[in-house]
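Quick one: the structure is below, and I'll ask about it shortly.
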Amino acid sequence: SETMEKKPPLNGRRALPSSNSNDEENEVPEMEAFGLIPRGFNPRDYLRVVDINMFKEPHEINKQQHRTDKYYNPKLIVRRGQPFQIQIDFNRPYKPETDQFWLEYLIGRYPQQNKGTYIPILVGDVLKPGEWGAKITHRENNSIRLSIMSSATCIIGKFRLYVAVWTPFGILRTHRNSATDTYILFNPWCQQDAVYLDDEKEREEYILNDVGVVFHGDINDIKLRSWSYGQFEENILDACLFLMDKAELELSGRGNPIKICRVASAVINSRDDNGVIAGSWDNAYTYGVAPSAWTGSVDILLEYYSSKQPVRYGQCWVFAGVFNTFLRCLGIPARLVTTYSSAHDNNANLQLDYILDDEGKVDTKLTKDSVWNYHCWNEAWMTRPDLPVGFGGWQVVDGTPQETSDGMYRCGPASVQAIKHGHVCFQFDAPFVYAEVNGDIVYLRREKNGTHVIENIDTTHVGQLIVTKEVGGDGMMDITEDYKFQEGSEEERLALETAVMYGVKKPATQDGMYQPQKDVDMEFHAQKAVLGSDFNVTITFRNKSHNNYTATTYLSGNIVFYTGVTKNEFKKHTFSAKLEPSSSRSFDVVIKSSEYLSDLLDQASFHFFVTARIKETGKILAIQKAIVLEIPALRIKTQGEMVAGREMSVTVEFTNPLKQTLENVTLRLEGPGVLRTMKKEFRQIPANSTLIWEVKCIPKRPGLRKLIASLNCDALRHVYGELNIRIQKP
C-alpha cells in the first residue's frame, strides 16, 4: 500500500500554512543533490564538519558578553544585533580558495527567507552592525573560529543551526543536532534594537533583576511585598516562548516588541484564550491557590507550561508579576507599576457615579462604578515607529482582564507620554488608561421622580499616586508625573481637552446647577489599626463661615475587595453635629474588632463613606476613604554559613494574632538561585501560639539573594515575610 505523506489542508489564500509555532520543525535534507549523482561520488572526499563548539557555558565568552550567563539553560543564548563566537572543526584544514560553506539558521515548521525564518549566512570579510553576517577570526589546523552577527530586528526565539558545504553535485549538511540550538533574545544594550535603553543601572534593574517589589495597600497606608520574577530559572525561557506559540503569534512578527506585548497581555489572563492565569475576586479559591499565597512567577509559568491549562488563581499583582517575568526573560525592559485609587472598570468614561439616597447614604445597589484601592500593571520600554516621534519609551501593558480591546481581554501597549498629554488617539487602549488615572467621582442624589442631582464632585481622588520600585533598591519611586501634569495646572486642562477631543467621554455637568458648600470642610482620619484590634476613626468639621450650621452626619463602614467592590456594610453610625461659626469640631467613632472580623476579606480592606447634610442649606458634603489593617508578618531566619553548593538551613516563624485558631494553613518559601518553592501544610495554629518551620536547601549561585515567604488560610491571607541574604563563593 502507498504511504500518503500528510499534507496540510488546502487553503485558497496562502501557499503555506501559517507559521506560528517555535516548537515545530521541518526535515532538512543532509544531501541536497543538484541532479544525477555520478557513481564515483563520495561525500568523504569533500570538506566535512566533524564538530561545532558553541562556547555556551555560563563562564565562556558568549554568555558573558551577551549577559545571559544567569539563565539556567545549557544551550547558547545570545542577544540580537551583537556578535557571538562559534568554532567549527573540519576533517581537514579549510581552504578558502576551493572550499565553500555557509551557515543556516532555521525557526519553525516552514522556514522562508523573506519571512526571516530561514537565514543563510555566507562568510565575508566584514561584519556590518545590526545585519546578519559571519567572518573568520582565527584558523588553526582543521578548525576555524567565526564571529557571527545577528540582525537587530531578528525574530526572538529558538533557532536550529546547520552548516552546509557546497560540492559540484549537491549540498552536504550537518545532521540535526539540538546541542547547537541557539536562543536569540532582545538586546537593550544594542542601539539599533527597538528596546535599546541607554542607562546601565536601569538595564541591570529592568532586565537582569530577578526579584522585585509590589506596592499594595492604599494611598494612606502603602504596603509592600517582594515578588520573585525568576526569569532565569530552569525552563522559564522555554515557557515564555511557549506563551507566544499559545497566542499563535506569527513567527515573522516575533521580532517586534509592540506585537509581542499586545498578544502577551491577552495570553497572561485566561479569558477567551485559555491563557496562563484564571482571575478570581470572590474570596473563595476552592481547587486552586489563593492569589495572595503566590510568592513569585516561576511556579505559575512552569505549571502552565506542563499542564497547558489556566493556573488558578490570580488578581492584578499576580498577572503583573508573571507579565514582568515574561518581558524581562525575553529581554524587553519592564517594571511593575501600582496606581493608587484606580478608576478601573471604566469604558473610557471620565465619570464614576456614586448614587446617594434621600438620607445621603451611598446606594450600593445602584452604584455600579468602583475605584480600586490600587491596581498593578506593567510598563515595557520600546520605540514606537508606528506612532509619531516622541511617543516611544515606557508603554503601559496590562494583563489583568477588565475590558475587551479589539474583541479580546488585553490592554496596551499604550504610550505613557501620549497619556500624559491627552493624545489618546494613538494605539493601543490609551483612552482606557487615561480614564483609569484621571476620572472624577461624582456623587449623585436620586430624586423621587428618578432624576439625578449632582451633590458633590471629587476631582482629585482618582489616580493620585502612581509608583514603582526604585532602580537598585527596594524603595518606592513616585512616577505620577510621568502620567499627569500637576493637578489644577494649565497643562492639565489642556491635556484633558485634548483627550476629550479624541473621544474620552467627559461628564456633562451643568455648571450653573452644581454649587457645593464652600464654607465648611470635612475631613476623615483613621488610627493605625492592627488586624484583630479595635480602632478609632475621626471626623473633623471646619466651619469657615459666620453662620451656625447643623450637619446630619452618616458614617458607613464597608468591608470591600481591594477592587473597591463592597461585600457588606458592617458599621452604621448617624449623629448630628453642631458647628459654631469660625471653629473646628472633631467626632470619634470606635470600630470594634468584633464588628468586622467575621466578614473580613483577603486584603483586610475597609471603605468608609461619610456624608453630611448641612440642615440650613440642604447641601451635602461627601468623602470616602479606604483603610487597610496591619497584617502581622512572617519572620525568616538563617543559621550557620551560607555558601554556594553547601547545605544551609532556613527557619520561618509566625505568631497567630487572632482570638481564634487558624485552620488548614499553607506556608510557601522561595528564593531564586537559593531554593525552589517549598510548601508545607499545618492543620491548626491555636490563638497566640507560634509556628516554626525549618527547611534545608543548597543555594546554587553566590551573591545577594532574597528569600520570600507567604502564609495563607481562609481566616488570614496576605501574610508575607522576606529576608535579604548573601551567599558566599565556595
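As an exercise, take the mean of 1/r over every pair of distinct alpha carbons in the range 579-679, invert it, and state the Kirkwood radius in angstroms.
19.4 Å is the Kirkwood radius here.
Below 8 Å, C-alpha to C-alpha, sequence gap of six or more: please give me the relative contact order for the chain in percent.
Once divided by the residue count of the chain, the mean separation gives 9 percent.
Filter the cross-link list 259/706; 571/615; 448/544; 223/420 down to pairs whose alpha-carbon distance in this structure exceeds 28 Å.
Checking Cα-Cα distances, 259/706; 448/544 exceed 28 Å.
If you count, for each residue, the other Cβ atoms within 10 Å and average over each peptide, how do 249-258, 654-663 line up from highest to lowest?
Highest to lowest by the protection proxy: 249-258, 654-663.
How big is the shadow of the Cα convex hull of the range 408-532, averaged over all directions, in nm²?
Mean orientational projected area (the range 408-532, Cα hull): 13.5 nm².
For residue 309 and residue 282 in the same chain, what is the full-extension length gain: residue separation times 0.36 nm, less their Cα-Cα distance, in nm?
7.7 nm
Across all directions of projection, what mean area in square nanometres is found for the Cα convex hull of the range 31-185?
That works out to 9.8 nm².
In nm, to one decimal, how far is the modelled label at residue 114 from the one at residue 552, with both set 7 Å along Cα→Cβ?
Roughly 7.8 nm, to one decimal.
Could I ask something else about it? For the pairs 567/592; 70/729; 528/619; 115/246, flag any whose C-alpha to C-alpha distance is greater than 23 Å.
The answer is 528/619.
What part of the accessible area of the chain, given as a whole %, is carbon or sulfur when the probe is 1.4 angstrom?
About 48 percent, which is the carbon plus sulfur part of the accessible surface.
Right, something else. On a full-extension model of 0.36 nm per residue, what is the gain between residue 358 and residue 525, subtracting their alpha-carbon distance, rounded to one decimal in nm?
57.6 nm
I've got another one for you. Given just the C-alpha atoms of the chain, how large is their convex hull per residue in cubic angstrom?
For the chain, the hull spanned by Cα atoms encloses 208 Å³ per residue.
Same structure again: Return the whole-Å distance between the Cα centroid of the range 430-485 and the Cα centroid of the range 163-210.
If we compute the Cα centre of each part, the gap is 43 Å.
On to the next question. Subtracting the Cα-Cα distance from 0.36 nm times the residue separation, let me have the gained length for residue 272 to residue 61 in nm, one decimal.
Contour length minus the Cα-Cα distance gives 71.6 nm.
Residue by residue, what Karplus-based ³J(HN,Hα) values in Hz, rounded to whole numbers, does the range 642-651 have, using 6.51, -1.76 and 1.60 with θ = phi - 60° and x for Gly and Pro?
10, 10, 4, x, 10, 5, 9, 10, 10, 10
For the range 297-337, just say rounded, prolate or oblate: build the C-alpha gyration tensor, square-root its eigenvalues into a ≥ b ≥ c, call rounded for a/c under 1.5, and beyond that prolate if a/b exceeds b/c, oblate if not.
It comes out oblate by the Cα gyration axes.
Now, a different point. Quick one: which residues, 5 or more positions from residue 269 or on another chain, have an amide H under 5 Å from its amide H? H modelled 1.01 Å from N in the peptide plane, none for Pro or chain starts.
Counting only residues 5 or more places away or on other chains, the set is 276, 277.
How large is the helix-only mean residue ellipticity at 222 nm for the chain, computed as the sum of -39500 (n - 2.57) over DSSP H runs with n ≥ 4, divided by its residue count, in deg cm²/dmol to the nearest 500?
-3500 deg cm²/dmol
Enter the accessible area per residue of the chain (Å², integer; probe 1.4 Å; all protein chains in place).
44 Å²
Give, as ranges by residue number, the residues of the range 25-58 whose backbone N falls under 14 Å from the point 7 Å along Cα→Cβ of residue 16.
Residues 25-28 fall inside that zone.
Please compute the Kirkwood hydrodynamic radius over the range 14-84, one decimal place, Å, based on all pairs of different Cα atoms.
16.7 Å
While we're looking at this one, here's another question. Just the Cα atoms of the range 635-727: what Rg and Dmax do they give in Å?
Calculated on Cα positions, Rg and Dmax stand at 13.9, 43 Å.
Lys and Arg at +1, Asp and Glu at -1: add these up for the other residues within a Cβ distance under 10 Å of residue 527 and post the number.
So the surrounding residues net to -1.
Let me ask you something else. For residue 63, which aspartates and glutamates qualify as cross-link partners when the Cα separation must be under 19 Å and same-chain residues fewer than eight apart are set aside?
Partners found: 181, 193, 200, 204, 205, 210, 233, 234, 238.
OK, next. In terms of solvent-accessible area of protein heavy atoms at a 1.4 angstrom probe, what is the ranking of 410, 493, 635, highest value first?
493, 635, 410
Can you list the residues, at least 5 places off or on another chain, whose amide H is less than 5 Å from the amide H of residue 218, using H built in the peptide plane?
223
Now for a different question. I need the phi-derived Karplus couplings for the range 323-339: 6.51 cos²θ - 1.76 cosθ + 1.60, θ = phi - 60°, integer Hz, Gly and Pro marked x.
Once rounded to whole Hz, the list reads 4, 4, 4, 4, 5, 5, 4, 7, x, 8, x, 8, 9, 9, 10, 10, 9.
Taking θ as phi - 60°, what are the ³J(HN,Hα) couplings along the range 124-136 by the Karplus curve (6.51, -1.76, 1.60), each to the nearest whole Hz, with x for Gly and Pro?
Computed from phi, the couplings for the range 124-136 are x, 9, 10, 9, 8, x, x, 10, 4, x, 8, 9, 7 Hz.
Mind checking the log10 I(q)/I(0) for the range 202-502 at q = 0.12, 0.15 Å⁻¹? Debye, one equal scatterer per Cα, no solvent, two decimals.
-0.78, -1.18
So for 59, 375, what's the accessible-area order with a 1.4 Å probe, most first?
Reading off the accessible areas and sorting them downward yields 59, 375.
Give me, ordered by chain and number, the residues 5 or more places off residue 440 or on other chains with an amide H under 5 Å from its own placed amide H.
Residues meeting the criterion, in which the H sits 1.01 Å from N, are 351, 352.
Distance between the C-alpha centers of the range 533-566 and the range 82-98? Whole Å please.
Cα centroid of the range 533-566 versus Cα centroid of the range 82-98: 78 Å apart.
Going by Cα centres, the range 273-350 and the range 645-694 are how many Å apart?
The range 273-350 and the range 645-694 have Cα centres spaced 24 Å from each other.
The values are calculated or read from the model by the stated rules, or taken from the named source; none is laboratory data. Everything numeric here is computed off the predicted structure, so don't read it as measured data. Backbone-built Cβ (ideal geometry, glycine too); neighbour counts: all protein chains shown. Accessible surface areas use protein heavy atoms only, side chains included; no ligands, DNA or RNA. Shrake-Rupley method; radii C 1.70, N 1.55, O 1.52, S 1.80 Å.
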